[in-house]
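Accompanying notes for the structure given below.
Any read-out appearing in this document is the output of simple, stated calculations on the displayed coordinates, not a laboratory observation. Here the structure is a predicted model, which is why all the values come from computation and not from measurement. With ideal geometry, Cβ positions are generated from the backbone for all residues, glycine too; neighbour counts draw on all protein chains shown.
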Amino acid sequence: MQAISVGLLGLGTVGSGVVQIIENHQDKLMHQVGCPLKVKKILVKDPVKERAVKVDPSLLTVNPADVMEDPEIDVVIEVMGGIEHTREHLLDALKKKKHVVTANKDLMAVHGSELLTAAQENGCDLFFEASVAGGIPILRSLVDGLASDRITKMMGIVNGTTNFILTKMSQEGLAYEDVLKEAQRLGYAEANPASDVDGVDAARKMAIMASLGFSMKIDLEDVKSKGITSITEEDLKYGKQLGYTMKLLGIAEREGDKVEISVEPALLPSSHPLASVNNEYNAVYVYGEAVGETMFYGPGAGSLPTATAVVSDLVGVVKNMRLGVNGRSSVSPQYEKQLKDDGEIHSKYFLRLHVHDEVGVFSEITSLFSKHGVSFEKILQMPLKAKELSEIVVVTHQASLKDYQTILMELRDLRVVKDIKSSYRVEGSVSA
Ligand code: NAP
Ligand code: HSE
């Protein structure tokens, strides 16, 4: 029973979890794959640094060749992050017939097709479950569990850091910067947390998820994305008052042959199941024509949850090795990508305005909306401290993005409108 040797690239938050799971669950893993799994080399930047997990110092190296050139290493697990140099390492590993498991959504969202092609050409597996929603097995569920269905919508909270920040800001009234620091301390945030808070991390995950769920090659550029940095206390407060909870939401929707994919702060009815997904937890709602609604929930970041997905991929690789079927599980996209234009994207919208407090203001605003066929579902109006101004918050009925953008442009030109303070998509009745 010869051991399967693994080369680990990275021993940070996720890498430490991988070492722990391989050690602590060795019996179960052996039972699954029929042989021991052993970490043979670990690539790091700083070999003398204090680690969250104890490893034999002789396993550590700063030389990638110690992993790539070792013929005994069958599987490379990449948990170091980065894009271009990491792509080089993984292409090199695949050329050397080493299977690859990665948690790297930055890389997969940009170079996923190239790497999957290289894997297929070399008869290797390339698995990346941990790249989306940490410990939730969402990619396998889309590809295998729902293989027989036609998926029409995926809506998810796929970034733990921003969900942690929004939860603490809205439930505990904590300041944005303080919560972000805490998320970094807990290992949820990326090395550069700008990609979390600007929505880029979630956009990468949505590109990966939409590619698999819709069986189309979705590129990162196809995902319209916006982060959480401009959300204010007032937005959270008025949202709550109107019965909504703010989430950074990834939305991927298919109508006929066309799709839309976005990441943006959106308001959900507080009774919606996604609205109660708090802290670093992630959740993905998936709608299939046959299955209807499904929801996947769990920790979207952190050492052991993410490492669970990584090591489960490793189990998949080793099972395929036993069966001699590596490199055959990925299916190429079935459909040509067709993106919806702004006239084909429909939603409700939350809009907060400061207006001059004078007679006829409200009717001027309503006429502008009704000229474009858009009506209001909810309205709030409050005087502001500055006596001559008042605040108006509306939630519209369904409108096309194109009409809504025209309305915003025309509102800016209205003399009675002092300022458009904020605007958000409002998503989801409880069943959608
Ligand atoms: P991390 O804590 O920053 O760890 C990165 C590790 O890689 C460190 O051990 C570092 O070495 C090593 N490393 C980085 N660049 C290197 C280089 N050029 N050469 C050699 N070693 C290098 O990162 P992480 O949070 O574990 O994330 C790893 C990957 O998993 C990323 O792609 C991330 O997006 C993804 N991911 C993370 C989470 C999470 O919850 N953290 C969840 C899902 C996916 P030193 O230790 O010596 O500095
Ligand atoms: N920074 C990411 C998050 C880690 O907060 O969700 C998991 O991909």
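Average 1/r across all pairs of distinct alpha carbons in segment 364-422, invert it, and you get the Kirkwood radius: 12.3 Å.
Judged by the ratio a/c of the largest to the smallest principal axis of the C-alpha gyration tensor, segment 103-214 counts as prolate, that ratio being 1.5 or greater while a/b is larger than b/c. Expressed as a fraction of 2.2 N^0.38 Å, the value expected for a compact globular protein of N residues, the C-alpha radius of gyration of segment 210-255 is 1.57.
Rounded to the nearest whole Hz, the Karplus-based 3J(HN,Hα) values (6.51 cos²θ - 1.76 cosθ + 1.60, θ = phi - 60°) of segment 5-11 follow the sequence 9, 10, x, 9, 9, x, 9, with x at glycine and proline. With θ taken as phi - 60° and the Karplus curve 6.51 cos²θ - 1.76 cosθ + 1.60 applied, the whole-hertz 3J(HN,Hα) list for segment 110-121 is 9, 10, x, 4, 4, 5, 5, 5, 4, 5, 4, 4 Hz, x standing for glycine and proline.
The gain in end-to-end length when the Glu72 to Asp219 segment is fully stretched comes to 49.4 nm, 0.36 nm per residue minus the alpha carbon separation. Return the whole-Å distance between the Cα centroid of segment 180-207 and the Cα centroid of segment 370-432. The two parts, judged by their Cα centres, are 30 Å apart. Counting only residues at least eight positions apart within a chain, or on another chain, the aspartates and glutamates with an alpha carbon under 19 Å from that of Lys40 are Glu23, Asp27, Asp56, Asp66, Glu69, Asp70, Glu72, Asp74, Glu78, Asp92, Asp313. For segment 306-333 and segment 25-73, what is the separation of their Cα centres, given in Å? Result: 19 Å between the Cα centres.
Note on segment 33-165: Rg/Rh from Cα positions, Kirkwood definition for Rh, rounded to two decimals, is 1.00. Residues with amide H under 5 Å of Lys348's amide H, sequence separation 5 or more or different chain, H placed in the peptide plane at 1.01 Å from N; which? Amide H neighbours of Lys348: Ala399, Val426. Please list, short to long, the whole-number percent of alpha-carbon pairs of the chain in consecutive 10 angstrom bins beginning at zero. Going out from 0 Å in 10 Å bins, the chain shows 4, 21, 28, 23, 13, 7, 4, 1, 0 percent.
Within straight-line reach of Lys340, meaning a Cα separation under 16 Å, sit the following aspartates and glutamates at least 8 residues removed in sequence or on another chain: Asp219, Glu221, Asp222, Glu253, Glu255, Asp257, Glu260, Asp403. Note on Glu293 and Ser148: with the Förster distance fixed at 25 Å, the Cβ-Cβ geometry gives a FRET efficiency of about 0.95.
Potential lengthening of the chain between Arg328 and Met409 amounts to 24.0 nm, from the contour at 0.36 nm per residue minus the alpha-carbon distance.
Pairs of C-alpha atoms in segment 177-218 farther apart than 16 Å represent 46 percent of all such pairs. Kirkwood radius for segment 258-334, taken over all pairs of different Cα atoms as the inverse mean of 1/r, rounds to 16.1 Å. When the Cα gyration tensor is reduced to axis lengths a ≥ b ≥ c, the ratio a/c is 1.5 or higher for segment 58-128, and with a/b not above b/c it is classed as oblate.
Here segment 1-105 has an Rg and Dmax of 13.1, 37 Å, counting Cα atoms alone. Amide H to amide H, with H built 1.01 Å from N, Ser422 comes under 5 Å of Arg352, counting only residues 5 or more places away or on other chains. Counting only lysines at least 8 places from Lys38 when in the same chain, those with an alpha carbon closer than 29 Å to its own are Lys28, Lys49, Lys54, Lys95, Lys96, Lys97, Lys98, Lys105, Lys319. Taking amide H as placed 1.01 Å from N in the peptide plane, the amide H of Leu60 sits under 5 Å from that of Ile42, each at least 5 places away or on another chain. Mean residue ellipticity at 222 nm, helices only, the chain: -10500 deg cm²/dmol; runs of at least 4 DSSP H residues each add -39,500 (n - 2.57), and the sum is divided by the number of residues. Here, segment 263-414 has an Rg and a Dmax of 23.8, 78 Å when only alpha carbons are counted. Residues in segment 384-392 carry Karplus couplings, in order, of 9, 4, 5, 4, 7, 10, 9, 10, 10 Hz; the curve used is 6.51 cos²θ - 1.76 cosθ + 1.60 with θ = phi - 60°, and Gly or Pro positions show x.
Would you mind getting the Kirkwood hydrodynamic radius of segment 90-135 from its Cα pairs, rounded to one decimal in Å?
For segment 90-135, inverting the mean 1/r across all distinct Cα pairs yields 10.5 Å.
Counting every other Cβ atom within 10 Å of each residue's Cβ, His272, His99 order from fewest to most as His272, His99.
For segment 157-280, what does the alpha-carbon gyration tensor say about shape, rounded, prolate or oblate, given a ≥ b ≥ c as the root eigenvalues, a/c under 1.5 as rounded, and a/b over b/c as prolate?
Oblate.
Its Cα centre serving as origin, the chain has a Cβ charge dipole (Lys and Arg +1, Asp and Glu -1) of approximately 540 debye.
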